[in-house]
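Peer 1: Sharing a structure below in structure tokens format, with a few things to ask.
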Amino acid sequence: MIDKRLLVSAATLGIAALALTGCSASADADSSGGAANGTDAATATSAEDFGGMDALVEAAQAEGELNVIALPDTWANYGKIIDGFEEKYDITVNSDSPDVSSAEEITAAQNLKGQDTAPDVFDLGSAVTLANLDQFAPYEVSTWDDIADDHKDADGRWVYDYTGLMSVGYDADAVPAPESLDDLLGGDYKGKVAINGDPTQAGAAAAAVEWAALQSGGSADDVSTGVDWFSQLADAGNFLPTDPTPATIASGETPVVFDWSYNNLAAAADAGGRDWKTAVLPGTALGSYYNQAINVDAPHPAAARLWQEYVMGDDAQNLYLAAGAYPVRLAAMTEAGTVDQDALEKVGEQPADTVQFTAEQTEAASKVLADTWATAIG
């Protein structure tokens with residue numbers, strides 16, 4: 001499918017997964033990073049460096065375009081978020097390669113460095129974020145103080161944006177509803193269980209292994225049991241080495257998919273008439289924030305910073321929530337009375353036993369996956 005998504009409880013579930021297009025840069029954009037008022041947009045670390053939000057908007061509109069990558073329309077409501085940004089600021093958003101992994105986002109930025117088609121901004125899993133800090137430009141949005149210290153980089157290079165819960169999506173006409181992780185080892189699931197990408201590169205796939213660890217006696221400090229569980233799945237002939245997409249779900253090629261609940265919930269809308277369900281299994285739940293970051297080589301540096309302001313503002317944060325993803329500023333918006341209350345009631349509270357990996361635990365888990373995954377799956 002790609003690299004990201006969420007859920008809430010076995011009874012309430014919610015959204016996300018796919019599609020966008022090309023890339024071109026405005027002929028009027030100043031690729032040197034200059035802004036109309038003389039501010040160097042490429043080194044600005046806050047809107048105040050431009051002289052305030054109005055000046056930032058003016059500089060971004062002078063560039064005229066923004067390049068995003070790995071943002072499927074149905075992934076955490078990114079289609080509506082992009083539309084909202086374009087409508088509010090009259091800036092064209094060029095969306096490229098919606099189905100690539102977090103690691104491939106970085107590769108694209110490196111390969112396209114110096115070109116006007118390079119991505120301006122990223123939406124990344126934590127492991128890839130922490131491994132590529134030099135790729136990001138420091139910037140603190142105006143809502144920075146609403147965000148907990150452990151949910152953002154002290155130097156402004158990344159900030160959490162939304163989180164969800166790992167879940168199992170399944171075709172109820174093809175397999176029985178799983179009630180536990182070990183149900184998936186049974187004969188009813190032969191050759192049917194897929195994960196969203198390569199866990200050494202894709203955040204959602206890595207989270208599937210991490211969740212398996214939490215569900216099978218491991219912990220956030222030791223995900224090796226999750227690797228062992230997937231090895232058992234492969235030995236049973238149940239692991240399906242196909243990267244799921246809406247098309248593979250609709251065709252029946254991938255009848256069972258580990259993914260963020262918001263992705264699995266969104267998949268139901270494009271399931272080709274299949275009875276696609278989403279389950280968050282009993283026991284420990286796993287949440288994982290994605291990270292917003294600005295490409296240090298962004299061809300549209302002012303627009304990149306304005307995008308960050310928009311994504312971390314009330315409008316986009318509520319759009320994440322409407323898709324079933326918990327926005328990072330949820331507590332602050334609830335206190336301020338700016339949260340979409342109807343969306344919040346539909347999503348419900350996060351399970352009390354939800355685990356969120358720390359940066360150190362994510363790095364350790366990434367090393368375990370890099371060292372053992374290929375051998376374990378065979």
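Peer 1: I'd like the residue in segment 255-286 that is touching a Lys or Arg at 6+ places or on another chain (Cβ under 8 Å) and of a type in the set (S, T, N, Q) and, out of all such residues, is surrounded by the most Cβ atoms within 10 Å (Cβ to Cβ).
Peer 2: Out of the qualifying residues, it is Asn263.
For (1) touching a Cys at 6+ places or on another chain (Cβ under 7 Å); (2) more than 24 Å from Asn77 (Cβ to Cβ); (3) free of Cβ contacts under 8 Å to residues at least 40 places away in the same chain, each residue gets a yes or a no:
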position	(1), (2), (3)
Pro299	no, yes, no
Tyr310	no, no, no
Asn318	no, no, yes
Leu330	no, no, yes
Thr334	no, no, yes
Ala343	no, no, yes
Val355	no, yes, no
Gln361	no, yes, no
Thr372	no, yes, no
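Peer 1: Same structure, new question: Pick from Gly203, Gly156, Gly169, Gly164: which is touching a residue at least 24 places away in the same chain (Cβ under 8 Å), farther than 21 Å from Thr362 by Cβ and within 21 Å of the chain's Cα centre (by Cα)?
Peer 2: Criteria check complete, one pass: Gly169.
Peer 1: On to the next question. Residue by residue through segment 192-208, note down the ones that are small (Gly, Ala, Ser), part of a loop (DSSP other than H, G, I, E, B) and either open to solvent by less than 10 Å² (accessible area, probe 1.4 Å) or in contact with a Phe, Trp or Tyr (Cβ under 8 Å, 6 or more places away or on another chain) (or both).
Peer 2: Scanning segment 192-208 gives a single hit, Ala202.
Peer 1: Still on this structure, I have one more. Those residues that are modelled with pLDDT under 95 and in a loop (DSSP other than H, G, I, E, B), I need them from segment 127-143; list them, please.
Peer 2: Ala131, the sole residue that qualifies.
Peer 1: Do you know which of the residues in segment 101-126 that are open to solvent by 40 Å² or more (accessible area, probe 1.4 Å) and assigned to a helix (DSSP H, G or I) is nearest to Ala44 (Cα to Cα)?
Peer 2: My answer is Gln110.
Peer 1: Within segment 69-98, how many residues are within 15 Å of Leu319 (Cβ to Cβ) and either in contact with a strand residue (DSSP E or B) (Cβ under 6 Å, 6 or more places away or on another chain) or of a type outside the set (S, T, N, Q) (or both)?
Peer 2: Within segment 69-98, residues that are within 15 Å of Leu319 (Cβ to Cβ) and either in contact with a strand residue (DSSP E or B) (Cβ under 6 Å, 6 or more places away or on another chain) or of a type outside the set (S, T, N, Q) (or both) number 17.
Peer 1: Just the residues that are open to solvent by 50 Å² or more (accessible area, probe 1.4 Å), among the charged types (D, E, K, R) and not in a helix (DSSP H, G or I), please, taken from segment 157-191.
Peer 2: Answer for segment 157-191, where residues must be open to solvent by 50 Å² or more (accessible area, probe 1.4 Å), among the charged types (D, E, K, R) and not in a helix (DSSP H, G or I): Arg157, Asp173, Glu179, Lys190.
Peer 1: Could you run through segment 58-84 and say how many residues are outside any helix (DSSP H, G or I), of a type outside the set (Gly, Ala, Ser) and farther than 13 Å from Gln308 by Cα?
Peer 2: The total comes to 8.
Peer 1: Looking only at residues that are in a strand (DSSP E or B) and not aliphatic (A, V, I, L, M) in segment 85-100, which one is farthest from Ala359 (Cα to Cα)?
Peer 2: Thr92
Peer 1: While we're on this one: Considering Ile69, Ile91, Ile82, which residue is of a type in the set (Val, Ile, Thr) and touching a Gly at 6+ places or on another chain (Cβ under 7 Å)?
Peer 2: On inspection, the qualifying residue turns out to be Ile91.
Peer 1: Going by the structure shown, is Thr143 of a type outside the set (Gly, Ala, Ser), touching a residue at least 24 places away in the same chain (Cβ under 8 Å) and in contact with a Leu (Cβ under 9 Å, 6 or more places away or on another chain)?
Peer 2: Judged against the criteria, Thr143 is not a match.
Peer 1: In addition: With respect to Asp228, is the statement that it is open to solvent by 20 Å² or more (accessible area, probe 1.4 Å), farther than 30 Å from Arg157 by Cβ, of a type outside the set (Lys, Arg) and modelled with pLDDT under 95 true?
Peer 2: no
Peer 1: Being assigned to a loop (DSSP other than H, G, I, E, B), under 24 Å from Ala376 (Cβ atoms) and either at pLDDT below 95 or not charged (D, E, K, R) (or both) is the filter here, so list the residues in segment 246-276 that pass it.
Peer 2: Once the filter is applied, which keeps residues that are assigned to a loop (DSSP other than H, G, I, E, B), under 24 Å from Ala376 (Cβ atoms) and either at pLDDT below 95 or not charged (D, E, K, R) (or both), segment 246-276 yields Thr254, Pro255.
Peer 1: What's the total number of residues in segment 299-326 that are outside any helix (DSSP H, G or I), modelled with pLDDT of 95 or more and within 18 Å of the chain's Cα centre (by Cα)?
Peer 2: The total comes to 2.
Peer 1: Being within 11 Å of the chain's Cα centre (by Cα) and not aromatic (Phe, Trp, Tyr) is the filter here; which residues of segment 62-76 pass it?
Peer 2: Correct list: Ala70, Leu71, Pro72, Ala76.
Peer 1: While we're looking at this one, here's another question. Of everything in segment 334-372, what is assigned to a helix (DSSP H, G or I), surrounded by fewer than 19 Cβ atoms within 10 Å (Cβ to Cβ) and either among the acidic types (Asp, Glu) or in contact with a Phe, Trp or Tyr (Cβ under 8 Å, 6 or more places away or on another chain) (or both)? Give them in sequence order.
Peer 2: Of everything in segment 334-372, those that are assigned to a helix (DSSP H, G or I), surrounded by fewer than 19 Cβ atoms within 10 Å (Cβ to Cβ) and either among the acidic types (Asp, Glu) or in contact with a Phe, Trp or Tyr (Cβ under 8 Å, 6 or more places away or on another chain) (or both) turn out to be Glu335, Asp342, Glu345, Glu360, Glu363, Asp371.
The values are calculated or read from the model by the stated rules, or taken from the named source; none is laboratory data. It should be emphasised that the depicted structure is a prediction, and the values quoted were computed from it without experimental measurement. Cβ atoms come from the backbone with ideal geometry, glycine included; neighbour counts cover every protein chain shown. Ligands, DNA and RNA are excluded from the accessible area calculation, which covers all protein heavy atoms including side chains. Shrake-Rupley method; radii C 1.70, N 1.55, O 1.52, S 1.80 Å.
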